[in-house]
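What follows is a single structure, and I will ask about it in a moment.
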Amino acid sequence: MPVRAAPTIMPGYLPRKYAMSRIDELMCKMTLPEKLGQLTMTAAGYAVTGPIIAGDSTEAIKTGAIGNLLNLIGPGPIHEMQRLAVEESRLGIPLLIGLDIIHGHRTLFPIPLGEAALFDRDAWTLTARASAVEAAADGLALTFAPMLDVSRDPRWGRTAEGPGEDPWLGAQIAAAKVRGFQGGGLACADSLAACAKHFCAYGPVTAGREYAAVDISERTLREIHLPAFAAAVKAGVATVMPAFTDLNGIPMTAHTALLRDTLRGEFGFDGVLISDYNAIGELIRHGVAADLAEAAALALKAGIDIDMMADAYRKGLPVALERGLVTMEQIDTAVRRVLALKERLDLFDDPYRRGSQPEDQETVGRRRLLARSIAARAAVLLKNDRDTLPLAKVRRLALIGPLADAPAEMRGPWWAAGVPEGQVSVLAGLSRELEGIEVLHAPGSAIVGDDCGHIAAAVELCDHVDAIVLCLGEGANMSGEAASRACPELPGPQRTLAEAVLDRAHGMGKRVTAILFSGRPLIVPWLAERADALLAAWFLGSETGPALADILAGRVSPSGRTPVTWPRALGQVPIFFGQRPSGRPADPKDHFTSKYLDVPNEPLYPFGHGLGYGRLVQSNLRVAPDSVTESGTIEVKVDVTNEGAHSAVETVFLFTRDKLASVARPLLELRGFAKVELRPGETGTVRLSLPAAELRFLGADLAPVFEPGEVEILVGPCADRSRLLVGSVRLLA
Ligand code: GLC
C-alpha cells in the first residue's frame, strides 16, 4: 500500500484550511500558568463588590498569571493595566476588564427595578447604550449586567437590580439591555460585552435571605426563572454569570445540567461563563468540594470559563490535573472561549481603542438630559387624592425627610463610577427647578437609628408653608447585594416623623405628598392610607432632583407602572399576580376558602399600577379573529380616552387566562404592553398583536404544548382583574 504523500506545503504558503488562527497559535505557545491566567479575573480596588480584596496585580499581569480584571475605574488606570498585559507580558494577550455598570457608569439612571417601571423597550435599550458609550470611553469592555433575576420577595435586597416579578417582562428587558450594551457588535469601540446574571433562580432565596438556598419546582424554574436568560442568549449575550446559590441542592456554580445541557445545549449559549465573586471557592462551604482542586474541577466541568476572585483555577486546576479530576482539553476549551471573546471585542487588534477618545461635554450633557427624562418616567404615582399633584397654588413648600438633601443616596445600589458629587438631590433640584416656589427644608430624622430629636423642628416647618413633601425611604446601601431586610418597612424613626408631619399638616388642611426611595416595594399601608399623594421614586440616579421637580411642577405627567406587586403585609409574601388558582378561591362568605383571617388577599398596589395627571379610561376591546391556530396571530384593539385636564401617558397591559387546560394555569399571564400619550379629551386606539404560538405552555411532562380551547384575553391598566376588559379567542388544533 503506497504511503500517501503529505500535501506539499510551499514555504510561506499555507492553504487557508490549514491556516493557524491567532488563537491556535497562542494555544500552542501558552504555558499552563498562562492558560490559567486567562481563566482568572481579579478585582482591583476601585470598587468593593465582594468579601475578598486582591493585592497588586501588576506582576501577575506581566507574567500572564492574570488575564482579566474587574472593578477598575478611569481611563488612566485601565490603560496602564492594559499596557502591562499587551506590552510587558510574554504573549501580549490583552486583558478583559469589566465593571458592574448596572444602571449607568458615571451618569446614573434609575435602578433597574425603577427602569422596569417605564415599560418601554426603546428606553431600556437607550440607557444601556448610553452607559456602554460612557464606560467604553473609560476603556471598559465588559459589564456585569443585565441582572435578570425575577423576584417576588421584597425582603431580598437584589429585587432592586432586577426586572421585577414577571418572567415575560424579564425577557423583554433582557433582550433590550443586551442590545443596548452590545450595540452594533462587540468589535465596536463603544460596545460592551453584556453579562446575563445570575443564572438562575436566585430570586427565591429561602425567606428572602441573601445567598440562602433555593428550592423550587422544575415548573417554576422553567416558567419563571429561565425565560429571561433564554431571551438574553437569543439576543446574543456574550457572557453569563451563575448565581451564588444552590438550586435544589446543587450550587449553580457547579450545575452541569443547567449550565451545559440547558444554557449551552438547549438555549445555544456559546459565550463565556464567568463565576460570581469567589463563588468557585465557596463550593467548599456549600459542602460539595473538599478543597480548591475539587471546587475548580466541578466548576470547570460544569462549563465555567473564568474564575472571579477565588483563585481556584490558578491554584486548584494544576492539582486537579494531577489527580485526574480534569483534562487539559477541558482547560483548553475554556481558554479558547475566553480568547475568542477577546477577539470578538477586537482587543487583540486594538486593545487601547476603548478609552482612547475622551468624551466631549456635549455628549455628557445629552446623557444627563436623558437621565433626567428617564428618571421622571420611572417614578410611579401610587396615589394622588384630590389631585394633590401637580402642585398648584403653592408659594412655599416644606421639604422634609432624611432623603431630601441626600445626593449620594439617590444613586441607589451599584453606583459603579457614579460619585456623590455627580448626583442632584431632591432639595437641589426642587430649589432650582420649581419656579415661583420657595422651598424650606428640614431633615426631620436620619434614615436609620432612633433619634427623634429633630422631628419637632420639621413639624414646625409645616406652619409656614402651603404644602409639604416628605422624602422618606431606604439608604442606597439598604438594597442591592447583601441587603436583605426581614422587615422591609420605613426604617428608623421615619414613621414617627411622617405621622407627626401628617398630623400637623392635616390639622391645618394642608396636603402632604410622600416620596419613597427604595430598592423594593416597602410595607407602608399606613402611609398609603394617610398621605394625600404617594410617589415611588425607587432610586432615580444622577438627575433625581430635576426629574422630581418636573413631576411636581406638572411638566411631566407620571407614567411609571410598578413592575412589582406592593404587599399590604409581609405575611402575604410571596405575592404576585401570576399565581395559580386554588380549588377553594377566596370567598369572604365561605370560611373554607383561600384567605387570611387578618389581612385581605389583595395587595396594597397591584403589578402595573401607576397614576398620571390625566384620567384615562380604556374601552371597546376588540379581539380578532374569534379562533386561531398555532401559526396565527391574535389582534387586540382597545380605545383609550383621556377624560382628565392634563395630558398623560397610558400603559395598556395585555394578559391572558387559560381557564381550562391539562395543567392548572396562572390567573393572569402578561403577554404584552403598549403606551399611548393623550391630550385632554383625546381618544386613541391601542393595538397589540399576540402570536398564538406564545400561548404554548409546559404540559404535565414539562414539554411545551399548544392546547385547543378558549383563552381569555384581558386588557387594562394593571394586574387587577376587576379593572380589566375581557375578551376571548378559541385556539384550534
Ligand atoms: C458580586 C455580585 C455580582 C457582581 C460581581 C462583581 O458579588 O454578585 O452581581 O457582578 O460580584 O462585582
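What follows draws every value from the coordinates through simple rules; no lab data is involved. Predicted, not measured: the structure shown is a model, and the values here were computed from it. When we count neighbours, we look across all protein chains shown, and the Cβ atoms used for this are built from the backbone with ideal geometry, even at glycine.
Please name whichever of F653, P625, Y605 sits farthest to the positive end of the charge dipole of segment 568-658, dipole taken about the Cα centre and charges placed at Cβ: Lys and Arg +1, Asp and Glu -1.
Y605
Another question, then. Given contacts defined as C-alpha pairs under 8 Å and at least six residues apart, what's the relative contact order of the chain, whole-number percent?
Across the chain, relative contact order equals 12 percent.
I want the local charge near L621. Using Cβ-Cβ distances under 9 Å, sum +1 for each Lys or Arg and -1 for each Asp or Glu among the other residues.
+1
Once you've got the Cα coordinates, tell me which of K315/K342; K197/K301; K383/K589; K29/K62 are over 25 Å apart.
K383/K589
Nearest 5 is fine: what % of DSSP beta bridges in segment 616-731 come out antiparallel, could you say?
Within segment 616-731, antiparallel bridges account for around 95 percent of the total.
Based on the Kirkwood radius over alpha-carbon pairs, what value in µm²/s does the Stokes-Einstein equation return for the translational diffusion coefficient of segment 109-149 at 10 °C and 1.306 mPa s?
Using the Kirkwood radius from Cα pairs, D works out to 144 µm²/s.
Mind computing the radius of gyration and Dmax over the alpha-carbon atoms of segment 371-572? Å is fine for both.
15.4, 45
Next question. Using Cβ counts within 10 Å as a stand-in for footprinting exposure, how do S191, S662, S518 rank, fewest first?
The most exposed by this proxy come first: S662, S191, S518.
Quantify how much of the Cα-Cα distance distribution of the chain extends past 33 Å, in percent.
Within the chain, distances greater than 33 Å cover 52 percent of Cα pairs.
Moving on to the next point. What is the Cα centroid distance between segment 552-576 and segment 613-640, reported in whole angstrom?
Answer, in whole Å: 25.
Please work out how much length the chain gains when fully extended from V448 to D590, using 0.36 nm per residue of separation minus the C-alpha to C-alpha distance, in nm with one decimal.
Net length gain for the segment: 46.8 nm.
Next question. Rounded to the nearest 500 deg cm²/dmol, what is the calculated helix-only ellipticity per residue at 222 nm for the chain, with -39500 (n - 2.57) per DSSP H run of length n ≥ 4?
For the chain, the value works out to -7500 deg cm²/dmol.
Let me ask you something else. If you rank M508, M30, M41 by fewest surrounding Cβ atoms within 10 Å, what's the result?
M508, M30, M41
Send over the Kirkwood Rh of segment 616-731, from the inverse of the averaged 1/r over different Cα pairs, rounded to one decimal Å.
For segment 616-731, inverting the mean 1/r across all distinct Cα pairs yields 14.8 Å.
Could you check what % of the DSSP bridge pairs in the chain are antiparallel, to the nearest 5?
55 percent
Enter the Cα centre distance for the pair segment 678-728 and segment 124-181, rounded to the nearest angstrom.
Centre-to-centre (Cα) distance: 26 Å.
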